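Read the structure below first, then the notes.
Throughout, read-outs are computed from the coordinates displayed, never taken from laboratory work. In this text the structure is predicted, and so the values were computed from the model without any measurement. Cβ placement follows ideal geometry from the backbone for every residue including glycine, while neighbour counts extend to all protein chains displayed.
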Amino acid sequence: MKSNRYFQLFVPLASCFALSGCEATAAGIPYLDDRNVSAGQVVYNNACASCHGAALEGQPNWQKRSSTGYLPAPPHDETGHTWHHPDQMLFEFTKYGPQKFAGADYKSAMPAYEGKLTDQEIWNVLAFIKSQWPAEIQEKHTKAFSKK
């Protein structure tokens, strides 16, 4: 039941996003700001690329759990699902890790970056990632999740 497991992860994440008192928010991912994007690329290369790939390509078979129950790192390019999620959810998922939202027993190699990266560094990484998407995907993401 692959789709059921994704649903089990998505619902808690969506609920957290909708109900959380988020202390670290931004007007949106600053992907049009060259300074933020450049700073984010440095952090991405040092903290994220080893799993998610230098070209944001993720790991092979990222939708299939390993024999130990872990999902490989997903791509952050347009072939993945990163752009399907609101800015604040992406920020909180990065800062607190998936277990915060999906439960302590959720198997993931993704660490929480709270205390390892500043809030600004996390927003900058997201800026770098979004800046790499094709313009059409950037537009869809912005349109779907911009604050009105």
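Summary of computed values
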| read-out | value |
| --- | --- |
| Those lysines that a straight Cα-Cα span of less than 19 Å connects to residue 147, excepting residues fewer than 8 apart in one chain | 130 |
| Cα centroid separation, the range 115-148 to the range 30-45 (Å) | 10 Å |
| Burial ordering of 101, 128, fewest other beta-carbon atoms within 10 Å first | 101, 128 |
| Per principal axis, descending, Cα span of the range 36-75 in whole Å | 37, 14, 12 |
| The range 42-115, relative contact order [Cα under 8 Å, separation at least 6], % | 21 percent |
| q = 0.15 Å⁻¹, the range 86-148: log10 I(q)/I(0) [Debye, one scatterer per Cα] | -0.54 |
